[in-house]
Amino acid sequence: MAAKASGGVQSVERVFELLELITNAGGNVTLSELSSSTDLPLPTIHRLLRTLVSLGYIRQLPSRRYALGPRLIRLGEGATKQLGALAQPQLKSLVDQLGETANMAVLDDDMVIYIAQVPSPHSMRMFTEVGRRAHTHDTGVGKALLAQLDDDAVRGIIARQGMPRPTNKSIGTIDELLADLKLIRERGYSIDEEEQELGVRCFAMAVPNSPTPTAISVSGPVQRVDLAFSERAIPVLRQAAQVISAELNRN
């Protein structure tokens, strides 16, 4: 019985190793690329891939490459909703303490996707629809997410997604962005200085040790979200990020 249980766990570990390798490779790989990235025997890789293809978690392309399958989308959507629900108390605490809208976002397929929000009680407030996708270079959460990556990974994202400029204050070159990310890493938080929408300022911070790049933010009109606001907001954001991180990593 013990041997069977042990073998079962090992098979699960191998399946998730393959899924993560395919994800890290950009979503599709060849069999030989997988084989060179793991110590698993080639017959084992082939057998696990066949099983995953039959279940719909991986699909084989006409080019013979293996890609992530559609059944993973449902799992990912469910996990994203749970992540947002887990963070909701901390987002509410941010709004209660700071009076401005709080958001949570993750990096998904080179874009920001907002997964949770608690709105400000003010009549004039910021509103971002949960599920909305945005570029990374011109949002507070996006830059906080990019700051968790190395510069080569950032260049790759920008090469694939481009750098549209929603306002005249948006960052427009990769060199400007990399310089801003260096500053973000040094001080521990990002600022959207009317880069997504004129008249709106946002402070954002990464959630440390999260299983996928994750960030939280507070945003509002520049008249209220000023220097004095930032001095109050940064410690509160940091505390919320640490609490969320602890919840995510609780065994």
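Would you pick out the residues in segment 81-123 that are in a helix (DSSP H, G or I) and of a type in the set (Ser, Thr, Tyr)? Selection gives 93 alone.
Return yes or no: is residue 94 open to solvent by 20 Å² or more (accessible area, probe 1.4 Å) and of a type in the set (A, V, I, L, M, F, W, C)? In short, no.
Considering segment 133-250, the qualifying strands (runs of 3 or more DSSP E), each wholly inside and each with 1 or more residues that are surrounded by 13 or more Cβ atoms within 10 Å (Cβ to Cβ) and in contact with an Asp or Glu (Cβ under 6 Å, 6 or more places away or on another chain), run over 200-206, 214-221. The condition (being modelled with pLDDT under 90 and in the same structural domain as residue 206 (by the TED database)) is satisfied by just one residue among 84, 26, 56: 84. So is residue 143 in the same structural domain as residue 199 (by the TED database), in contact with a His (Cβ under 9 Å, 6 or more places away or on another chain) and of a type in the set (Lys, Arg) or not? So residue 143 passes the test. Of all the numbered requirements in (1) among the hydrophobic types (A, V, I, L, M, F, W, C); (2) within 21 Å of residue 208 (Cα to Cα); (3) touching a residue at least 12 places away in the same chain (Cβ under 8 Å), residue 183 misses one, and that requirement is (3). When we screen 41, 62 for residues that are open to solvent by 80 Å² or more (accessible area, probe 1.4 Å) and modelled with pLDDT under 90, the only hit is 62. Any residue in segment 80-91 that is among the aliphatic types (A, V, I, L, M) and open to solvent by 50 Å² or more (accessible area, probe 1.4 Å)? Yes - at least one qualifying residue is present in segment 80-91.
Exactly one residue out of 99, 56 is touching a residue at least 60 places away in the same chain (Cβ under 8 Å), farther than 26 Å from residue 158 by Cα and either surrounded by fewer than 20 Cβ atoms within 10 Å (Cβ to Cβ) or out of contact with any strand residue (DSSP E or B) (no Cβ under 6 Å at 6 or more places or on another chain) (or both): that is 99.
The values are calculated or read from the model by the stated rules, or taken from the named source; none is laboratory data. All values reported here derive from a predicted model rather than from experimental measurement. Heads up, the Cβs are rebuilt from the backbone with ideal geometry, glycines too, and the neighbour counts pull from every protein chain shown. For accessibility, only protein heavy atoms count, side chains too; no ligands or nucleic acids. Shrake-Rupley method; radii C 1.70, N 1.55, O 1.52, S 1.80 Å.
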